[in-house]
Amino acid sequence: MARIAVVGTGMGGLAAAARLAARGHDVTAYERSSTTGGKLGWFERDGFAFDTGPSLLTWPQVFEDLFGETGAPLSSVVDLVEVDPAVGYRFADGTRLTVPGRDPAALHAALEESIGAGAGDRWRALSARARGIWSATEGPFLTSPLQGAATLARLAARPGGLRDVATIAPWRSLRSLGERYLDDPRLVQLLDRYATYTGSDPRRAPAALAAIAHLEAEQGSWHVRGGLRRLVDAVADRARERGATLRTDAEVVAVEATGGRASGVVLAGGEHVPADVVVSNADAAALYGHLLPRRGAAAARRQRARLGAATPSLSGFVLLLALRGRTPGLAHHTVSFPADYDAEFDAVFGAGPFRGAPRPVADPAVYVSAPDDPELRPDDGSEAWFVLVNAPRHTPGDRSAGVDWDEPGLAERYAEHVLAVMARRGTDVRERVLWRVVRTPADLERETASVGGSIYGTSSNGAAAAFLRPANRSPLPGLYLVGGSSHPGGGIPLVAQSARIVAEMIGPA
């Protein structure tokens, strides 16, 4: 039995605690805030309730496995409801597309009707490529430890490996893949959006992200009745049931190293907690930049340099809207696109005409999550909307890297701007707002210790991005990483996968 200290209780930390405790280890997880969950936050007021982070679940099999391998099945603790239609898209030219759930024929028909003749066939061809990418990447990339470029070399060396590498096309961007298969800019925008699932720019993110499109089509999109917070609580409960201790209001300020390996953690206030193994669910940039000892840690310095070579992921600007009245025909998820999607990524990443000067997006894509869930609203005459737009990171004092979101008045001005953008696109809810809560990248950084409020740590921008993402096994023996800033990446299922990878690395007691 190993004494294991888990730093942070986001989904990665909780899943790791549950798995490691189920394997017989002595596990204690330390959380800086008063509640567990990390970026899977929660806000409620006056009968309205909101998930403040992720708003849907894909690849539920990951959680079926987590619960099945640690005790009672997932279905015994949460109620999953498939979202159908999956999403409603609105384009700048007025086109509307409603994407059904797991029904390829219905999707083909919807594309043909909304986009035009041939659109369904073109998307079907892209989907076949996405399915091939998924088949080639699931084993070596998403469910196994990453060992830099050697992972790709091993893939190429196995039978049929060169064909798989060609399918993944690591030299090709997601945008380039879309333009190869899709001749309508609206379809390209649909594919581009999957880059934002990893906080990235589709013009630089790898074509491999098309696998997400296959995953959604194959596995569906799911809502947890009562909010995704129920899933967080269920994983926390499972960790406790298996014997893990979860300590909130216990901030880890340092990871200690003795004899060249991790040996424990230090809490705010000075408490030293010895451990045989440390599992960090902290943002990787914060771990390597602040928590590890500076002296004699050459491996940590090299990792800091690698992180410095990667582009940080984008952040998000959020409005929580308590609305009176109901919206006819409202989908669970709605995305409205701008006329110029490239201008959004230029503004967020400080590229193109905004090179070296990121700024809030003037005409952003707007994402609305409005679950038709009675548990999230006070009555049937109201709605709770989560509104998200992509945003630059919070970088006070460095306008070349992001935006100072704490600048007086900026958050409220931009909130009004986002509502006005929605109104211009036909969704004017300003007269229906009972109250609103504004959450900026600065708030995300303060609440979750994500450097700059970067949602996913590093982005997937660049062909080498996957190999720059911090590995689950750190260069310091005895220290492991889980969570969205480490391999295999962001998003609830991949975060849970990181916990599975680490638990298998550590092994049973």
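The values are calculated or read from the model by the stated rules, or taken from the named source; none is laboratory data. The shown structure was predicted, so the numbers you read here are calculated from the model rather than taken from an experiment. Please note: Cβ atoms are built from the backbone with ideal geometry, for glycine as well, and neighbour counts cover all protein chains shown. Areas reflect the complete protein model, heavy atoms only, side chains present, ligands, DNA and RNA absent. Shrake-Rupley method; radii C 1.70, N 1.55, O 1.52, S 1.80 Å.
Take the alpha-carbon positions of the chain, form their convex hull, and give its projected area averaged over all directions (one quarter of the hull surface) in nm². Write down the numbers at each step before the final one.
Working: hull surface 91.9 nm².
Across all orientations, the chain yields a mean hull projection of 23.0 nm².
Extension gain, Thr95-Arg3: 0.36 nm per intervening residue step, less the Cα-Cα distance, totals 27.4 nm. Distances between every pair of Cα atoms in segment 313-445, grouped in 10 Å steps from 0 to the bin holding the largest one, split as 12, 42, 31, 12, 2 percent.
When restricted to Cα atoms, segment 242-349 yields an Rg and a Dmax of 21.5, 64 Å, respectively. Amide H contacts of Arg473 (H built 1.01 Å from N, in plane; Pro and chain starts excluded): Leu481 sit under 5 Å, all sequence-distant by 5 or more or on other chains. Between amide H atoms placed 1.01 Å from N, distances below 5 Å from Thr52 occur with Gly41, Trp42, Phe43, all of them 5 or more places distant or on a separate chain. Could you work out the longest stretch of the chain that avoids the GluC sites (Glu not before Pro) located in DSSP loops with at most 13 other Cβ atoms within 10 Å? Result, exposed sites excluded: 272-509.
Its Kirkwood hydrodynamic radius, worked out from the mean inverse distance over all distinct Cα pairs, puts segment 469-509 at 10.1 Å. Helical content of the chain, expressed as a calculated mean residue ellipticity at 222 nm, amounts to -10000 deg cm²/dmol (DSSP H runs of 4 or more residues, -39,500 (n - 2.57) each, divided by residue number, nearest 500). For the pair segment 230-274 / segment 166-213, the C-alpha centres are spaced 38 Å from each other.
Between rounded, prolate and oblate, where does segment 26-82 land on the alpha carbon gyration tensor, with a ≥ b ≥ c its root eigenvalues, rounded for a/c under 1.5, else prolate if a/b exceeds b/c? The shape class here is oblate.
Electrostatic bookkeeping for Thr458 treats Lys and Arg as +1 and Asp and Glu as -1; over the other residues with beta carbon under 11 Å from its beta carbon, the sum is +1. Accessible surface computed residue by residue for segment 347-464, with neighbouring protein chains in place and a 1.4 Å probe, gives 41 Å² per residue. According to the Kirkwood relation over distinct C-alpha pairs, the hydrodynamic radius of segment 376-509 is 18.0 Å. The stretch between Asp340 and Ala106, if pulled fully straight at 0.36 nm per residue, gains 81.4 nm over its current Cα-Cα span.
What the phi angles of segment 329-340 give under the Karplus curve with 6.51, -1.76 and 1.60, with θ = phi - 60°, is a coupling list of x, 6, 7, 4, 10, 10, 10, 10, 8, x, 5, 10 Hz, glycine and proline written as x.
Computed over the Cα atoms of segment 1-123, pair by distinct pair, the Kirkwood hydrodynamic radius stands at 18.2 angstrom.
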